[in-house]
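The values are calculated or read from the model by the stated rules, or taken from the named source; none is laboratory data. These figures come from a predicted structure and were not determined experimentally. Note that we place each Cβ from the backbone using ideal geometry, even for glycine, and neighbour counts take in every protein chain shown. Calculation scope for accessible area: heavy atoms of the full protein, side chains included, ligands and nucleic acids excluded. Shrake-Rupley method; radii C 1.70, N 1.55, O 1.52, S 1.80 Å.
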Amino acid sequence: MASGTSMLLVYIVGWGLVFGTFVHYYHKRKERAMAKLESWYPSHPERDIYYSLVELKKSQDEAVPQETIRAALFRRAM
C-alpha cells in the first residue's frame, strides 16, 4: 500500500496537470478571440510615410529635402 506522503504528492501533481492544461487551452482560446477583433484605429498611410521620411532623414543627412518632409507633415495633418 502506498504511503500517505506519496499519495499526497500524486494528488498535487495530478491537480497541477489538470490546472496547467486548463490554463493552456484557456489562453489559446482567448488569443484566437483577440486575433478576430478589428483594430481600434484605421490604417494611416500618411503617418507611416511621414515617419519613414523622418527616419530616413535621421540616418542620411540631406537624403530627403526639408520641403518633402513638410509636405508629408501637411498631408498628414489634412
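Accessible surface calculations at 1.4 Å, restricted to protein heavy atoms, place the range 1-72 at 94 Å² per residue.
Take the Cα of K58, go 7 Å toward its beta carbon, and the backbone nitrogen atoms of the range 64-78 under 18 Å from that spot belong to 64-66, 69-70, 72-73.
Legend: residues W15, W40, sorted from most to least accessible area (1.4 Å probe; ligands, DNA and RNA excluded), read W40, W15.
How big is the charge dipole of the chain about its Cα centre, in debye rounded to the nearest 20, if each Lys and Arg gets +1 on its Cβ and each Asp and Glu gets -1 on its Cβ?
Working: 11 positive and 8 negative charges, 75 e Å.
Here the chain has a charge dipole of around 360 debye.
GluC sites (Glu not before Pro) within the chain: which are DSSP loop residues with at most 13 other Cβ atoms inside 10 Å? Counting only loop positions with at most 13 other Cβ atoms within 10 Å, the GluC sites (Glu not before Pro) in the chain are E38, E62. When the convex hull of its Cα atoms is viewed from all sides, the chain shows a mean projected area of 10.3 nm². Carbon-plus-sulfur accessible fraction, the chain (probe radius 1.4 Å, protein heavy atoms only): 64%.
Between M78 and K30, the FRET efficiency from the beta-carbon distance, with R0 = 35 Å, is close to 0.35.
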